[in-house]
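Please treat every number below as a calculation from the coordinates, not as lab data. Given the structure is predicted, the values throughout are model-derived calculations rather than measurements. Counting neighbours? That spans all protein chains shown, and the Cβs are built from the backbone with ideal geometry, glycine included.
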Amino acid sequence: MASSPSSMCASYSSVISRPFYNSQPQFAFFRTGKLGSVPDSGGRFRCMAGQTGFFTKLGRLIKEKAKSDVEKIFSGGFTKTRKNLVVIDELLLYWNLSDTDRVLDELEEALLVSDFGPKITIKIVEILREDILSGKLKSGTEIKEALKQNVLDLLTTKGSKTELQLGFRKPAVIMIVGVNGGGKTTSLGKLAYRLKKEGAKILMAAGDTFRAAASDQLEIWAERTDCEIVRAESEKAKASSVLTQAVKKGKELGFDIVLCDTSGRLHTNYSLMEELISCRKAVSKVVAGAPNEILLVLDGTTGLNMLPQAREFNEVVGVTGLILTKLDGSARGGCVVSVVDELGIPVKFVGVGERVEDLQPFDAEAFVNAIFS
């Protein structure tokens, strides 16, 4: 169980607590004392306050790291998807032209079961049918490769900007939004781990003021990743005020990135959804152009049911990227393709396990190879 702010003072190297206004709740800035919990970047890339192109290099480095880890990126995930799609290999093993209609019907069913969605599934199958009948595809192997290429094209055409877009001013601000139980706070902690590992100086903002344990949970992540955190010391604090103070603190103390947690909310609760607008406006008053990214966390086990959530959040706050969680077994991987095709929003990260390093940068080619392996 996490300690209360007052009991933590002795265990942290410094604590700053200042009122926003005399009549407003106080905010506490905690500098965690668990040093060395995140591996150093090995001198490959260090954060310098005035370094030109820092965020561009950071985004590129994370993506290159994903490429270099291509063998393990999705090795533990999508087990259910692979099981559903293995039938495709069996269908194509002894394929011949006279079996085209039967094979494509069964291939269509396999894609639908894996949550590719009817629109995408029909589109892919009809393209394959046309290429088979025109003589472009003459073997099961060629059909399998064409299938993979079609899925890859869908992902890269509408969701190509998978790198974090963090602008040019420090601190960059990333807001994490989503419904309750989707893995929002955990994803923020794992993202902090990855960014800190690559040399960025991270400040967390405990903007989930609705859930009593949320700030304590984020504090645990701050200590685990050796990051600083700003949280409200009063239950009456507004989320927008917490984020404002955090971004101000990030600006004053030279942080590179402020990661802002927000309260989980159902996409059908419009009053709470509108509060996200206040949060977005609040941080933009401190740093022009902020937030640089608004990342929506979606639970991959919900399959195509995530689409209504994504539509509503995007309409309210303008989602710039997606984090898909819980893709380590029970999820149907086709939902990734469906979300990108439906909304045109790129997937930036996927959660494929419980470990701190299991939030992986999304790589479309690695994903396609994984689900069709």
What FRET efficiency comes out for the pair Lys285/Glu252, r = Cβ-Cβ distance, R0 = 22 Å, nearest 0.05? 0.90
For Val173, the residues 5 or more places away or on another chain with a placed amide H closer than 5 Å to its own amide H are Val258, Asn292, Glu293
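If a/c stays under 1.5 just call it rounded; otherwise compare a/b with b/c (prolate if a/b is bigger, oblate if not). Do that for region 167-285, with a ≥ b ≥ c from the square roots of the Cα gyration tensor eigenvalues.
Details: a/c = 1.59, a/b = 1.31, b/c = 1.22.
It is prolate, given that a/c is not under 1.5 and a/b is the larger ratio.
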I need the shape label for region 99-160. Rule: rounded when a/c is under 1.5, else prolate if a/b > b/c, else oblate, with a, b, c from the alpha carbon gyration tensor. oblate
What GluC sites (Glu not before Pro) does region 298-370 have in DSSP loop regions with at most 12 other beta carbons within 10 Å? Glu354
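Counting every Cα pair in region 122-230, what percent are over 19 Å apart? Walk me through the numbers before you get to the answer.
Numbers: 3618 of 5886 pairs.
Roughly 61 percent, rounded to a whole number.
Quick check on region 262-319: take the gyration tensor over C-alpha atoms, sort the square-rooted eigenvalues as a ≥ b ≥ c, and tell me if it's rounded (a/c under 1.5), prolate or oblate. Don't jump to the answer; show the numbers that get you there.
Working: a/c = 2.68, a/b = 1.82, b/c = 1.47.
Cα axes put region 262-319 in the prolate bin.
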Zone residues, region 232-250, relative to Glu274, backbone N less than 13 Å from point 7 Å out along Cα-to-Cβ: none
Here region 187-201 yields Karplus 3J(HN,Hα) values (6.51, -1.76, 1.60; θ = phi - 60°; whole Hz; Gly and Pro given as x) of 5, 4, x, 5, 5, 4, 4, 5, 5, 5, 4, 8, x, 7, 8
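Could you please report the charge total around Asp256, scoring K, R as +1 and D, E as -1 over all other residues with beta-carbon less than 10 angstrom from its beta-carbon? Let's see the in-between values first.
Details: positive: Lys170, Lys196, Lys201; negative: none.
In short, +3.
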Over 29 Å (Cα to Cα) among Lys285/Lys326; Lys281/Lys348; Lys119/Lys190 -> Lys285/Lys326; Lys119/Lys190
If you count, for each residue, the other Cβ atoms within 10 Å and average over each peptide, how do 83-92, 248-257 line up from highest to lowest? 248-257, 83-92
Between Asn305 and Lys119, what is the label-to-label distance in nm when each label sits 7 Å out along the Cα-to-Cβ direction? 2.1
Interchain or sequence-distant (5+) residues whose placed amide H lies within less than 5 Å of the amide H of Gly321 are Ile294, Leu296
Each label sits 7 Å from Cα toward the beta-carbon; between Lys136 and Tyr94 the label points are separated, in nm, by 2.9
